[in-house]
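A short reminder: the numbers here are calculations on the coordinates, not readings from a lab. As the structure is a computational prediction, the values presented were derived from the model and not from experiment. We place every Cβ from the backbone using ideal geometry, glycine too, and count neighbours over all the protein chains shown.
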Amino acid sequence: MQAFDGKVAVVTGAASGMGYAFAERFAEEGMRVVLSDVEEPALNKAVADLRQRELEVTGVVADVSKSDQVQALADATLDAYGGVHVLCNNAGVAGDLDFVRDRDTPLWEQSADLWDWTFGINVFGVLYGIRTFLPIMLKQDEPGHVVNTASMAGLAAGSTAGIYGATKHSVVRISESLFFQLNERGAKVHASVLCPGIINTRIFSSGRNRPNNLWGDGEQPSPKEIERRIAEGDAHFAHGLPPAQVAEQVLGAIREEQFWILTPDVPLDRIRSRTDHIIAGTNPPPPQPLVRP
Ligand SMILES: NC(=O)c1ccc[n+]([C@@H]2O[C@H](COP(=O)([O-])OP(=O)(O)OC[C@H]3O[C@@H](n4cnc5c(N)ncnc54)[C@H](O)[C@@H]3O)[C@@H](O)[C@H]2O)c1
């Protein structure tokens, strides 16, 4: 996709972090952008900030883990701007990496609610995005692009992030199929998968948006403790790459129809080593934490 001016982008998880940076960058390019998020106050502020700069943006509250809300997002997009050319399925939560809960619990002790919450957003959110928007984009028969946000956790493995990593491996695999299927059909819509390393966002306090009914028995800390852990989570990746740098990379990848988007800090040796062990049939070496403190 070469021409951006006047085209329409939809970004989920756009109230914060990378989603906000994508929306901002697309709007600076002259696109009309729908920012969507589940966190309404943060979304309202994000939209107001961009509008103040006279950028053409609209905010739509939607929970990507609910197919009817994603459908409502598509309807609102068509009402506002009459089409959609770029879709970023970006909303995500840290699941078992989230600071708002105990991060050392092994997989077999994790609550089904934690699995539901993490898969609901990170995997089903992407599924609902492509199922809802792709038919619209294909019918338009105009150049378009879908960017799914996975993670380096979707390319490598470690002892931590068993649930989060499983969701991100899923996003990589879904995106690969999408890439092949669109190409096989000669579609004008293309696909990319974004695998960031460590980016300075609010991902580690994503429990701030976890619904009360998706906490396992005895799992939910007191409101005061949640507040403390949110601050801890927010500080955790302050050393990460700036989201604006990722936004620039994403824009370039859409232009170049580049499928794999890995940020420069992704440890390629971890990906190579995993593949080497698979091919050699040797056991994985002792794990390093996937996310280095
Ligand atoms: N920050 C990193 O280092 C990193 C690394 C790899 C991948 N990622 C991925 O990047 C994506 C963006 O996250 P971020 O790092 O910018 O974090 P972030 O927390 O700053 O932004 C994520 C946004 O998603 C929204 N969200 C959460 N649940 C939602 C739901 N049910 N429906 C709609 N929106 C919802 C949040 O409110 C938030 O605004 C996520 O998919 C995350 O897994 C982040």
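In 10 Å bins starting at 0, how do the alpha-carbon pair distances of the stretch 234-276 split up by percent?
Per 10 Å bin, starting at 0, the Cα pair percentages come out as 23, 39, 33, 5.
Determine which lysines satisfy two conditions relative to LYS66: a Cα distance under 23 Å, and not lying fewer than 8 residues away in the same chain.
LYS168
Enter the Cα centre distance for the pair the stretch 45-83 and the stretch 184-256, rounded to the nearest angstrom.
19
For SER111 and ILE271 in the same chain, what is the full-extension length gain: residue separation times 0.36 nm, less their Cα-Cα distance, in nm?
Numbers: separation 160, 0.36 × 160 = 57.60 nm, distance 2.89 nm.
Here the segment from SER111 to ILE271 would lengthen by 54.7 nm.
Taking R0 as 22 Å, what FRET efficiency do you get between PHE259 and ILE136 from their Cβ-Cβ distance, rounded to the nearest 0.05? Intermediate results must be reported in sequence, preceding the final value.
Working: r = 22 Å, r/R0 = 0.99.
My answer for the efficiency is 0.50.
Identify all aspartates and glutamates with a Cα-Cα distance to LYS139 below 16 Å; exclude those on the same chain that are fewer than 8 residues away in sequence.
ASP75
Taking the Cβ of each residue in THR275, THR167 as the centre, tally the other Cβ atoms inside 10 Å and list the residues starting with the fewest.
Ranked by crowding around the Cβ, least crowded first: THR275, THR167.
Going Cα to Cα from LYS188, which aspartates and glutamates come in below 19 Å? Please leave out same-chain ones fewer than 8 positions away.
By straight Cα distance, LYS188 reaches ASP5, ASP141, GLU142, GLU176, GLU256, GLU257.
Rounded to the nearest 0.05, what FRET efficiency is calculated for GLU248 and GLN181 with R0 set to 35 Å and r the Cβ-Cβ distance?
Values: r = 28 Å, r/R0 = 0.80.
Result of the calculation: an efficiency of 0.80.
At each listed q (0.09, 0.12, 0.16 Å⁻¹), what is the log10 of I(q)/I(0) that the Debye formula gives for the chain modelled as equal alpha-carbon point scatterers?
Per q value, in the given order, log10 I(q)/I(0) is -0.41, -0.74, -1.32.
Can you tell me the relative contact order of the stretch 147-276? Whole percent, Cα pairs under 8 Å, sequence separation 6 or more.
Details: 151 pairs, mean separation 42.1, N = 130.
Dividing the mean separation by the residue count of the stretch 147-276 yields 32 percent.
Can you pull the one-decimal nm distance between simple spin-label points at ASP79 and GLU232, each 7 Å off the Cα toward Cβ?
So the two model labels end up 4.2 nm from each other.
Tell me what the chain gives for mean residue ellipticity at 222 nm when only DSSP H runs of n ≥ 4 count, each as -39,500 (n - 2.57), the sum divided by the residue total, rounded to 500 deg cm²/dmol.
Working: 9 runs with 132 residues, N = 293.
-14500 deg cm²/dmol, from helical runs alone.
For the stretch 63-203, what mean projected area does the convex hull of the alpha carbons give, in nm²? Walk me through the intermediate numbers first.
Numbers: hull surface 36.3 nm².
Averaged projected hull area, Cα only: 9.1 nm².
Any chance you could run the full-extension gain for GLU225 through ASN283? It's 0.36 nm times the residue separation minus the Cα-Cα distance, nm to one decimal. Numbers along the way, then the final one.
Details: separation 58, 0.36 × 58 = 20.88 nm, distance 3.97 nm.
Extending this stretch completely gives an extra 16.9 nm.
Which value in Å does the Kirkwood hydrodynamic radius of the stretch 201-264 take, with 1/r averaged over all unlike C-alpha pairs and then inverted?
14.4
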